[in-house]
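Q: Have a look at this one before I ask anything.
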Amino acid sequence: MSNYAYLDNAGILHLHPLEREAAKHGKYVETSLDMDESGFPIIEGEGVVYYHGKGTAYTRGNETDGRSIAVPSELKQLANRLE
């Protein structure tokens, strides 16, 4: 099943299963990445909040309360396609 990736106005990467919903946010691309219940991509079994403009990524929360991780290359590549 495909999802559609887009960057929100803060530069955070989101996924949505419906193309028409992703299109509401401007540029979007189709991806085979799975998403968690909040619409964030799942990498190695965990939802990842990726801030493209800041080049940071977090699991188990966001930049306020999450665990900082190295940015997964597949998220960086996906977000670069959305610029």
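Q: In whole Hz, with x marking every Gly and Pro, tabulate ³J(HN,Hα) for the range 32-44 from phi via Karplus 6.51 cos²θ - 1.76 cosθ + 1.60, θ = phi - 60°.
A: Coupling constants for the range 32-44: 8, 5, 7, 10, 7, 5, 9, x, 9, x, 9, 10, 6 Hz.
Q: A further question follows. Take the Cβ-Cβ distance between SER68 and LEU18 as r, set R0 to 41 Å, and report the resulting FRET efficiency rounded to the nearest 0.05. Can you show the working numbers first?
A: Details: r = 31 Å, r/R0 = 0.75.
Plugging the Cβ-Cβ distance into 1/(1 + (r/R0)^6) gives 0.85.
Q: Next question, about the same structure. Where the accessible area of the chain is counted over protein heavy atoms with a 1.4 Å probe, how much of it, in %, is carbon and sulfur?
A: Carbon with sulfur: 45 percent of the solvent-accessible area.
Q: List the trypsin sites (Lys or Arg not before Pro) within the range 9-63 that DSSP assigns to loop and that have no more than 15 neighbouring Cβ atoms inside 10 Å.
A: Within the range 9-63, the qualifying trypsin sites (Lys or Arg not before Pro) (loop, at most 15 other Cβ atoms within 10 Å) are LYS24, LYS27, LYS54, ARG60.
Q: Spelling out what I want: for every residue of the range 2-7, take phi, set θ = phi - 60°, compute 6.51 cos²θ - 1.76 cosθ + 1.60 (Karplus), and round to whole Hz; glycine and proline get x.
A: Here the 3J(HN,Hα) series is 8, 10, 10, 9, 8, 9 Hz.
Q: Give the accessible surface of the chain per residue, rounded to a whole number of Å², with probe radius 1.4 Å and ligands, DNA and RNA excluded.
A: Result: 59 Å² per residue.
Q: Which ³J(HN,Hα) values, rounded to whole Hz and listed in residue order, are derived for the range 15-31 from phi using the Karplus coefficients 6.51, -1.76 and 1.60 in 6.51 cos²θ - 1.76 cosθ + 1.60 with θ = phi - 60°, glycine and proline given as x?
A: Using θ = phi - 60°, the values come out as 10, 9, x, 9, 4, 5, 6, 5, 4, 5, 9, x, 5, 8, 9, 7, 9 Hz.
Q: While we're looking at this one, here's another question. Count the DSSP beta bridges whose two residues both fall in the range 1-72, then state the antiparallel fraction as a percent rounded to the nearest 5.
A: 100
Q: Let me ask something additional. Helix-only estimate, please: 222 nm mean residue ellipticity of the chain, summing -39500 (n - 2.57) across DSSP H runs of length 4 or more and dividing by its residues, to the nearest 500.
A: Result for the chain, helices only: -3500 deg cm²/dmol.
Q: Cβ under 11 Å from ARG67's Cβ, ARG67 left aside: what net charge do those residues give with Lys, Arg +1 and Asp, Glu -1?
A: It works out to a net charge of -2.
Q: For the range 41-70 and the range 7-26, what is the separation of their Cα centres, given in Å?
A: 17
The values are calculated or read from the model by the stated rules, or taken from the named source; none is laboratory data. Computed from a predicted structure; not experimentally measured. Because the Cβ atoms are built from the backbone with ideal geometry, glycine has one as well, and the counts that use them run over all protein chains shown. Only protein heavy atoms, including side chains, enter the accessible area calculation; ligands, DNA and RNA are left aside. Shrake-Rupley method; radii C 1.70, N 1.55, O 1.52, S 1.80 Å.
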